[in-house]
Structure formats: structure tokens, C-alpha cells
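Below you'll find the structure, written out as C-alpha cells, and then a few comments.
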Amino acid sequence: MSNIIVQKFGGTSVGSEERIAAVAKIVKEASKNNPIVVVVSAMSGETNRLIKLAKSFGDNPSKREFDALVSTGEKVSAALLAMALQQINVSAKSYSASQISQGITESGDVTTLGRGGSDTTAVAIAAQLGAERCDIYTDVDGIYTTDPRVVPEAKKIDVITMEEMLEMAGQGAKVIQIRAVEFANKYNVPVRVLSSFEPGNGTLISLEEKNMENGLVSGIAFQKDQVKFTLHGVSDTPGMAYGILGPLSDANIEVDVIVQNVSVNGKTDFTFTVSKEDESMATDVINGLKSSLEFDDLLIDSSIAKVSLVGVGMRSHAGIASTAFKALSETGINIQMISTSEIKITIVIDENETDTAVTSLHKAFNLDS
Ligand code: ADP
Ligand code: MG
């Protein structure tokens, strides 16, 4: 292990000349104790602007040119930050990914990790360098019990286990990208999430198991961009579920919550959720099954959301589901689907009720006190 620290600054953190100057000060301070490698996002709004520009030449620009275009945003931030650092007498050099032989295809074309890829880049570089830690600087001062923009009473968490963070990020807590957490977990990189706007220790994503004096639920994540597919009146024969899920998996579509109803007269309803970006592909896959699979009709509901309670404390406690159901019933929210795992309960509800559901669950599990 080296004493390098990798710092990553998100779009808002480098959103203006003033912000870049402020970031340079943070880097300068940290560089007094450790060698620093910085990963920056594009200035906020820039990637959207570039994508919009690309769309003026058709809905499906070639991947090569699209990546060439959208990768320019980060280069601008990196070069400006290097200048800002030099101005305050810190020696610094910016490098695009391809200059350090990554982020390119075999034939040398620029390629990207997609939206939010800089969290993953930062953790991957930290892993590769054997860095002491990866610090993700953003516009909130840490990881909260839920998105503080939705629940103002949300509380900052000082330490969260890697296991919990994997579930939180996987279920939609967009404060850090899921792939970044997966990388950190796989290569044992300690990660901290903290604010570039105000000083503080932020939240440590710990590689160690937490002692169990914590509450049952550590946090609540939610995802709105979800679609529910119901195959109504499927003939309930062995291999039916595989007959549906196999082709979806072959098409690289990730299926999340799955529910199969009790069958009546040899017929059942089979329901699952996918993310909205996979809606049209999943529709094609299911319609393509019509020759091999008998069902009455396909119902697609794209106004659903998933709300997930996450906590290692769930392992040793029963009754979490009933507390959640009570809280939701008191606010008149109908539960459409439920799935549970060892440290997570996911509930599917109407999309319009997401904020209310998250707020009432947050309260029911005393996360705001
Ligand atoms: P950056 O541009 O720095 O990558 P993001 O917008 O990707 O920043 O992530 C920060 C945002 O994540 C916060 O402003 C907050 O609204 C949101 N967020 C969602 N869930 C959480 C959570 N559990 N804790 C903290 N922030 C969260
Ligand atoms: Mg982000």
C-alpha cells in the first residue's frame, strides 16, 4: 500500500471558476501530507449540454463520435484544475484517460464508462495505485439515512459498512455509483464521501463489520425509473420462470423484484421489474416469447417506484417488514410487490407516492432522531 490519496470532485464541486479555485485549495492542503491524485467530473451541466448537441444530429449518434464528444468535459475540468493548482504554487499536471493508456479501445478510440463514471474511475485508480483511501467530494457532507433533498430530516451517517453501501447504491442512492462501491469492495479500497463546500469528516465506507448496536435500518434508498411487467394468465408449467427470465438475461436485462402468484386452474400471473431504460427491449423480448410461452396478456406499468430499507441490523431482528407495512398503510400507500434479502427489504409502490413513502418509513424507523 502507498500513502497516495485519490480525491474525486463531482460536477457541482467543479461547476465554476470559483469552485475550481476552492477545489485547488482542498487539494493543496491534502498534498501537504500525502501525494494526491485527483479525478474530476465535467463542470455541472456540461455533459448534458454535449449530449444535447449530439442529439441535434440524430437520436443515435455513433458510439465512437459520441464518446469523443462527451469525454471533452472532463478534460476541460482537469486542465483548469491543474492551472488553478499551479497558480497557488502546487505542481500539477492534467492527464486525459488515454494519456495514461486507459479509456481507449484497442484501436485507440476514446471510450467512456457512461454517466457517473468518474466515481468508478477514482476508485479504480485508487485500487491500482494501492492508495491509502479514495475521497469522493460532492455537494453533500456525507452519506445520509436517505436522500436529504427528499427528506430534509435525514441524518448524516458517520460510518457505513461496505455491505450496506452496496445495497444502498444498488437500490438507487445516487450519492455514489454502484460500480464504484463494487470496485472498492473487491479491491479493499476504503472510501470516504465528503463535501467540497464545507470542512468535515464525511462518511467512511468501512471495510470492517460494524458492531451491532446500531439500529435495524441504516438507510432508505429509492428508485423511480422502474417498470413493472406482468404476464397475465401464464400456464404454470415447470420451467416457466426460466422460460421468461432466461431470454431477458440473455439480452443483458437486469430483472429485480420477481413475484409469481399462486396458480389457479393451472394458470398464474408472473410479475417482475426492470429499469426504465430496458423497457422497450424487455417488451420486445417478452413479445418474442409468444410462440413458445402461453399467456393471456402482458401488462406494463411504468409508473412504479422501488423503496428499499437497508441495514445489517435486519439479520438479527424480526418484525421489520411489519413495521414498514404498518407505516405505509397508515399513509394509505398500497404495496404492489415485496422482496426481501438478509439485509434489505424492497417494496414496489406507485411512483407518485415515493416521497411520502420514504418520509413515513424514515420516521417509522426513527432515522430522523
Ligand atoms: P456529484 O456530482 O458530486 O457526483 P451527485 O449528484 O452524483 O454528486 O450525488 C450527490 C447527491 O446525491 C446529493 O446532492 C443528494 O441529493 C443525492 N443523494 C441521494 N441519496 C443520498 C444519500 N443517501 N445520502 C446523501 N446524498 C444522497
Ligand atoms: Mg455522482
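Just so you know, all these numbers are worked out from the coordinates, no wet-lab data involved. The model shown is predicted, which means the values in this text are computed figures rather than measured ones. Glycine also receives a Cβ, built like all others from the backbone with ideal geometry; neighbour counts cover every protein chain displayed.
Restricting attention to the stretch 106-134, the residues being of a type outside the set (A, V, I, L, M), more than 16 Å from ligand 2 (Cβ to nearest atom) and within 25 Å of the chain's Cα centre (by Cα) number 5.
Just name the residue that is farthest from ligand 1 (Cβ to nearest atom) out of those in the stretch 80-106 that are of a type in the set (A, V, I, L, M) and under 30 Å from Ala169 (Cα atoms). Filtering the stretch 80-106 for residues that are of a type in the set (A, V, I, L, M) and under 30 Å from Ala169 (Cα atoms), the one farthest from ligand 1 (Cβ to nearest atom) comes out as Ile104. When the residues of the stretch 300-346 are filtered to those that are crowded, with 17+ Cβ neighbours inside 10 Å and among the basic types (Lys, Arg), the one that is nearest to Gln260 (Cα to Cα) is Lys306.
Please go through the stretch 31-62 and give me each residue that is of a type in the set (Gly, Ala, Ser) and touching a residue at least 40 places away in the same chain (Cβ under 8 Å), ordered by number. Of everything in the stretch 31-62, those that are of a type in the set (Gly, Ala, Ser) and touching a residue at least 40 places away in the same chain (Cβ under 8 Å) turn out to be Ser31, Ser41. A search for C-beta distances below 7 Å between a residue of the stretch 5-23 that is over 9 Å from Met43 (Cβ atoms) and of a type in the set (Ser, Thr, Tyr) and any residue that is part of a strand (DSSP E or B) and within 15 Å of ligand 2 (Cβ to nearest atom), counting only pairs 6+ apart in sequence or on different chains, returns Ser13/Tyr137; Ser13/Thr138. For the subset of the stretch 162-197 comprising residues that are in contact with a Cys (Cβ under 8 Å, 6 or more places away or on another chain) and of a type outside the set (D, E, K, R), which member is nearest to ligand 2 (Cβ to nearest atom)? The residue in question is Val191.
All conditions in (1) closer than 19 Å to Gly311 by Cα; (2) of a type in the set (S, T, N, Q); (3) touching a Ser or Thr at 6+ places or on another chain (Cβ under 8 Å) hold for Thr138, with the sole exception of (1).
Among the residues here, Asn185 does not qualify as among the polar types (S, T, N, Q), surrounded by fewer than 19 Cβ atoms within 10 Å (Cβ to Cβ) and under 30 Å from Ser16 (Cβ atoms). The residues in the stretch 1-54 that are more than 16 Å from Leu80 (Cα to Cα), outside any helix (DSSP H, G or I) and among the charged types (D, E, K, R) can be counted, and the count is 1. Of the helices (runs of 4 or more DSSP H) lying entirely inside the stretch 270-369, those containing at least 2 residues that are closer than 28 Å to Ile244 by Cβ and free of Cβ contacts under 8 Å to residues at least 24 places away in the same chain are 279-287. For the stretch 27-48, state whether one or more residues are at positive phi, surrounded by 13 or more Cβ atoms within 10 Å (Cβ to Cβ) and of a type outside the set (Val, Ile, Thr). Taking every residue of the stretch 27-48 in turn, none turns out to be at positive phi, surrounded by 13 or more Cβ atoms within 10 Å (Cβ to Cβ) and of a type outside the set (Val, Ile, Thr).
The single condition from (1) in contact with a helix residue (DSSP H, G or I) (Cβ under 9 Å, 6 or more places away or on another chain); (2) crowded, with 17+ Cβ neighbours inside 10 Å; (3) outside any loop (DSSP other than H, G, I, E, B) that Lys224 fails is (2).
Between Ala241, Ala154, the distinction of being more than 30 Å from Leu81 (Cα to Cα), free of Cβ contacts under 8 Å to residues at least 40 places away in the same chain and more than 16 Å from ligand 2 (Cβ to nearest atom) belongs to Ala241 only.
Just one of the listed residues (Glu29, Glu74, Glu18) is within 16 Å of ligand 2 (Cβ to nearest atom) and of a type in the set (D, E, K, R), and it is Glu74.
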